[in-house]
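The structure appears right after this line, and notes come after that.
The values are calculated or read from the model by the stated rules, or taken from the named source; none is laboratory data. Just so it is clear, the model here is predicted, and its values are computed rather than measured. As a convention, Cβ positions derive from the backbone with ideal geometry for all residues, glycine included, and neighbour counts pool all protein chains shown. Quick note on the areas: whole protein, heavy atoms, side chains included, nothing else; ligands and nucleic acids left out. Shrake-Rupley method; radii C 1.70, N 1.55, O 1.52, S 1.80 Å.
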Amino acid sequence: MPLAKDLKVLVVDDQLSMRQLARYGLAQIGITQVEDVPNGLAAISSLEGRPVHVVMSDYNMPGMTGLELLQKIRAHQTLRKTPFILITGRGDRELVMKAAQAGANNFIVKPFSNSVLKTKIEAVVGKLG
């Protein structure tokens, strides 16, 4: 898998501040090819035009939850193998189980540090370099 500088990540979150924090954290661990979008529909549209190595999505979003986005990606012929990390303020066992059953590759509970972000991404794509 690519090193950090070559990794392409899509961040999906309805809150601009969280997208900015994720971008900053990713930059701190060497990942600079980052796109961010405010919702699941925009994510699907973006992914169809520009596939990425990892999708990081908030769970709690209006219109389409992160879990629903994950299900749409897993059902999509060309996108279904895209690694997916679900981010949430809820760390309860039920949500983690639902995400795993839907095909999430990893799970991050907010708030998170850059070291946690790096560890979770490396668990999905391998060492960043």
Next on the checklist: Out of the total accessible area of the chain (probe 1.4 Å, heavy atoms of protein only), what percent is carbon and sulfur?
Outcome noted: 52 percent
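Counting only heavy atoms of the protein chains, get the accessible area per residue of the chain (1.4 Å probe) and round it to a whole Å² value.
The answer is 52 Å² per residue.
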Item to check | Point-charge dipole on Cβ atoms (K/R +1, D/E -1) for the chain, about Cα centre, debye to 20 | outcome: 320 debye
Checklist entry - Among 70-77, 20-27, what's the highest-first ranking by average C-beta atoms within 10 angstrom per residue? => result 20-27, 70-77
Checklist entry - So, by mean Cβ neighbours within 10 angstrom, what's the order for 32-40, 97-105 with the highest one leading? => result 32-40, 97-105
Checklist outcome for this item: Along the dipole axis of the stretch 1-99 (charges at Cβ: +1 for Lys and Arg, -1 for Asp and Glu; origin at the Cα centre), the most positive-end residue among Thr78, Val54, Ala99 is Thr78
Item to check | Residue-averaged 222 nm ellipticity for the chain, from DSSP H runs of 4+ at -39500 (n - 2.57), nearest 500 | outcome: -13000 deg cm²/dmol
